[in-house]
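Right, one structure below, let's go through it.
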């Protein structure tokens with residue numbers, strides 16, 4: 001049986017500096033009064049929101065807008081909530097795909113092993129267990145069954161490869177993450193991939 005292909009939309013936004021951490025993304029509207037469905041990237045959203053307003057970047061030219069967030073109730077991917085400035089369903093839908101940010105220095109430093117901010121993983125070099133780089137981490141997603149690492153494939157030795165690949169972000173498949181040195185290791189053999197065919201070599 002082939003593995004499912006995950007379809008997701010990306011929204012263009014200005015380049016966000018490392019001083020910002022996203023705590024969630026708007027994935028749709030709730031009702032007709034401007035409430036939204038928020039997919040959450042933090043284990044304690046309520047504590048984060050106690051620190052004050054969040055910042056959103058609605059389009060590529062935005063310099064950031066402060067918005068207050070009021071939680072309504074939990075949903076499967078996070079929370080239904082009301083965001084200031086949204087009064088109807090159309091306004092809520094217009095922000096689908098927009099992330100909510102807070103300054104990094106307002107969040108506690110992560111002390112727990114195996115826990116990372118999504119932004120710190122994006123851009124890491126993806127390596128095989130033998131050390132061969134095969135791509136770059138493009139994003140981290142969660143569709144309800146655990147985190148997934150999306151890798152933009154790029155065979156460094158043989159030129160660019162097309163497309164992206166999703167890998168479960170679990171110790172079995174991602175045994176090492178090294179933020180300081182800028183890479184993570186993905187055990188593609190454990191995932192059922194043939195590393196030899198993934199890295200073809202020219203033969204005379």
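When the chain is fully extended, how far beyond the present Cα-Cα distance does residue 172 get from residue 106, taking 0.36 nm per residue of separation?
Between residue 172 and residue 106, full extension yields an extra 20.5 nm.
Evaluate the distance, in nm, between pseudo-label points positioned 7 Å from the Cα of residue 70 and of residue 132 along their respective Cα→Cβ axes.
Rounded to a tenth, the inter-label distance reads 5.7 nm.
Show me the ranking of peptides 31-42, 88-99, 53-64 by mean Cβ neighbours inside 10 Å, starting with the highest.
Numbers: 31-42: 19.2, 88-99: 17.2, 53-64: 14.6.
Ranked from most to least packed, the peptides come out as 31-42, 88-99, 53-64.
Between residue 122 and residue 91, what length in nm is gained on full extension when 0.36 nm per residue of separation is reduced by their alpha carbon distance? Spell out each step's value before the answer.
Details: separation 31, 0.36 × 31 = 11.16 nm, distance 2.95 nm.
Length difference between fully extended and current span is 8.2 nm.
Assuming 0.36 nm per residue, please report the length gained on full extension of the stretch residue 84 to residue 63 beyond their Cα-Cα distance.
5.8 nm
Computed from the coordinates by the stated procedures, all read-outs in this text should not be read as laboratory data. In this text the structure is predicted, and so the values were computed from the model without any measurement. Note: ideal-geometry Cβ built from the backbone for every residue, glycine included; neighbour counts use all protein chains shown.
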